[in-house]
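Scroll down for the structure; my scribbles are underneath it.
Values quoted throughout were computed directly from the atomic coordinates according to the rules given, and no laboratory measurement underlies them. The structure presented is a predicted model; accordingly, all values stated were derived computationally and were not measured. Using ideal geometry, Cβ is built from the backbone for each residue, glycine included, and neighbour counts are taken over all protein chains shown.
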Amino acid sequence: MADTLKVAVVDRSRTLYQGEASQVIMPAADGDLGVLPGHQPLLVVLRAGQVRVDAPGSTGKADSHNFPVEAGFASVDNNTVTVVLDRYLAASSANQASASAN
């Protein structure tokens, strides 16, 4: 089993992140979902919130990449996570998305 995940976070027009991660946490429609290496394959719909990609060997949120999202989906298969954002939110609108999700 691999120690890391291969992760790609994309929106309609560009790749926002591509690299390795120790875990990915995302706002699934049913609640937050954490993905670690070895996770079973799945396809999940995302709600408004924030996708967090933790760098390999990270010690917390300081070593992570955060992507505020309004909607999208993610697929997990064979230690590869692909997050497709319907629309990537600018940092200024992230608070609005979080507020509307609560």
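Peptides 79-87, 64-72, 6-14, ordered by how many other C-beta atoms sit within 10 Å of their residues on average, highest first, read 64-72, 79-87, 6-14.
Rounded is the label for segment 1-78, because the ratio a/c of its alpha-carbon gyration tensor axes (a ≥ b ≥ c) stays below 1.5. Taking all Cα pairs closer than 8 Å and separated by 6 or more residues, the relative contact order of segment 1-55 comes to 35 percent.
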